[in-house]
Amino acid sequence: MAEVKKANWFKRFFGGIAKYFRELRSELKKVVWPTPNQVAKNTLIVLSSALIIGVFIWLFDYVAGQGISALIGAFNR
């Protein structure tokens, strides 16, 4: 039975890298990229959502802080 000789490590290594980039290029051709208008709209949605959530967290923190201060003040008298 004849032995099948493997390619040297150099060819295997760089052949694997080349295969990776070929497949990467193939997959990137399948991507549907958003239009600039969609990107702007999505950015505004994310920023406004983050601002609204930040305001709610700040309000909760303020109310909770005032409540705790009132409780501490009531028990210190």
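Here's the yes/no breakdown for (1) open to solvent by less than 100 Å² (accessible area, probe 1.4 Å); (2) in contact with a helix residue (DSSP H, G or I) (Cβ under 6 Å, 6 or more places away or on another chain); (3) not in a helix (DSSP H, G or I):
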| residue | (1), (2), (3) |
| --- | --- |
| Arg22 | no, no, no |
| Ser26 | yes, no, no |
| Val32 | no, no, yes |
| Asn37 | no, no, no |
| Ile45 | yes, no, no |
| Ser48 | yes, no, no |
| Val55 | yes, no, no |
| Tyr62 | no, no, no |
| Gly73 | yes, no, no |
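Residues considered: Ile52, Ile45, Ile72. Of these, the only one that is without any contact (Cβ under 8 Å) to a residue 40 or more places away in the chain and over 27 Å from the mean Cα position of the chain (by Cα) is Ile72.
The values are calculated or read from the model by the stated rules, or taken from the named source; none is laboratory data. Remember, predicted model here, so these are calculated numbers, not experimental data. No Cβ is skipped: glycine too gets one built from the backbone with ideal geometry, and neighbour counts run over all protein chains shown. Surface accessibility is based on the protein's heavy atoms, side chains included, excluding ligands, DNA and RNA. Shrake-Rupley method; radii C 1.70, N 1.55, O 1.52, S 1.80 Å.
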